[in-house]
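The values are calculated or read from the model by the stated rules, or taken from the named source; none is laboratory data. Values in this document were obtained by computation on a predicted structure and should not be read as measured data. Every residue, glycine among them, receives a Cβ derived from its backbone with ideal geometry; neighbour counts consider all protein chains shown. The protein model used for the area step is the full one, side chains on, heavy atoms only, and it has no ligands, DNA or RNA in it. Shrake-Rupley method; radii C 1.70, N 1.55, O 1.52, S 1.80 Å.
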Amino acid sequence: MLYKLEQNYRSSGTILKAANALIANNAGRLGKTLWTSGEDGERVKLYAAFNERDEADFVVNRIREWVARGGARREVAVLYRSNAQSRVFEEAFLNARMPYRVYGGLRFFERAEIKDALAYLRLIASRADDTSFERVVKSAGAGHRRQNHDLVRDTARANNTSLWNGAIGAQGALPQRASQALQAFMELIDRLAREVNGLELHEQVDHVIQMSGLIEHYKKEKGERGEGRIENLLELVSAARGFSPETEAESELSPLESFLAHAVLESARVRRTRTMTVCR
């Protein structure tokens, strides 16, 4: 005999009725009606936000109201559908100086795919960015074997120059296959830099993500993990679309450099935060 696990011990009756009404619209789902022996509880409240930023601001204000009435932040949880949606909430919490913690995943700017994309963008903005060079070469697999990378690093140190210039100087000493892979990678970076010149900021970010091979790379990851990484990369484009410099120093930079500087500041602010709950 087949038994359905329908009784719920956490949610109120009102919440379960609303959930059942939504679930009923999924024609491919097996029949199930959630119920509880508890009370109905408060009515569900719906807020129709103007956009994602308005939605995040609404949540921040509701949390402030909760705390003002004596509630604790540790008792608050924000549920969202996909990892990519966390960025706007994180940004809103940081701006409000409201500590938080992401459960079930990393914070937006700590995710590997976001770090990869930002490394490509930083290298396009400055070939002298050694940290980004190392990350992107490893991500792209451009002749990345330890002995090859050591040769590039040693050449750069011997000439007191960047890894990018070290790679140019080490071309003749590398194995042919590694040399060709590294040359193709460096040509890709130069080409992307030319192609994004003059584009709007969000177009630059989108072009680099699409043409660098990052999307195709993460498509190889099967299931929700790969899909989630791609959603995060597309969310980075959305972040660029809505970006405006916040400081005078950022305003003096090019739009791309300003956006990258902002990403560094956001990452630093994230590392300083502690505990509030945000759940996927």
**Prompt:** Do you know which of the residues in the stretch 119-178 that are among the acidic types (Asp, Glu) and under 25 Å from Val205 (Cα atoms) is least open to solvent (accessible area, probe 1.4 Å)?
**Reply:** Asp129
**Message:** Tell me whether the stretch 149-162 contains one or more residues that are in contact with a Lys or Arg (Cβ under 8 Å, 6 or more places away or on another chain), modelled with pLDDT of 85 or more and closer than 22 Å to Ile230 by Cα.
**Reply:** no
**Request:** Taking the options Lys45, Lys4, Lys32, name whichever one is in contact with a Lys or Arg (Cβ under 8 Å, 6 or more places away or on another chain) and open to solvent by 100 Å² or more (accessible area, probe 1.4 Å).
**Result:** Lys4
**Message:** I need every pair where a residue in the stretch 5-27 that is at pLDDT below 90 has its Cβ under 7 Å from the Cβ of a residue that is in a helix (DSSP H, G or I) and open to solvent by 50 Å² or more (accessible area, probe 1.4 Å), sequence separation at least 6 or different chains.
**Reply:** none
**Asked** Are there any helices (runs of 4 or more DSSP H) wholly within the stretch 203-254 with 3 or more residues that are open to solvent by less than 20 Å² (accessible area, probe 1.4 Å), and if so which?
**Response** 214-219, 223-241
**Request:** Please report, ordered by residue number, the helices (runs of 4 or more DSSP H) entirely within the stretch 125-186 with at least 1 residues that are under 25 Å from Pro255 (Cα atoms).
**Result:** 130-140, 163-170
**Message:** I need the full set of residues from the stretch 7-17 which are of a type outside the set (S, T, N, Q) and open to solvent by less than 40 Å² (accessible area, probe 1.4 Å), in order please.
**Reply:** Gly13, Leu16
**Request:** Filter the stretch 187-198 for residues that are in a helix (DSSP H, G or I), open to solvent by 10 Å² or more (accessible area, probe 1.4 Å) and either of a type outside the set (Lys, Arg) or under 14 Å from Ser126 (Cβ atoms) (or both) and give the result.
**Result:** Glu187, Leu188, Asp190, Ala193, Glu195
**Residue, least open to solvent (accessible area, probe 1.4 Å), within the stretch 255-265, restricted to residues that are under 16 Å from Glu91 (Cα atoms) and in contact with an Asp or Glu (Cβ under 7 Å, 6 or more places away or on another chain)** = His262
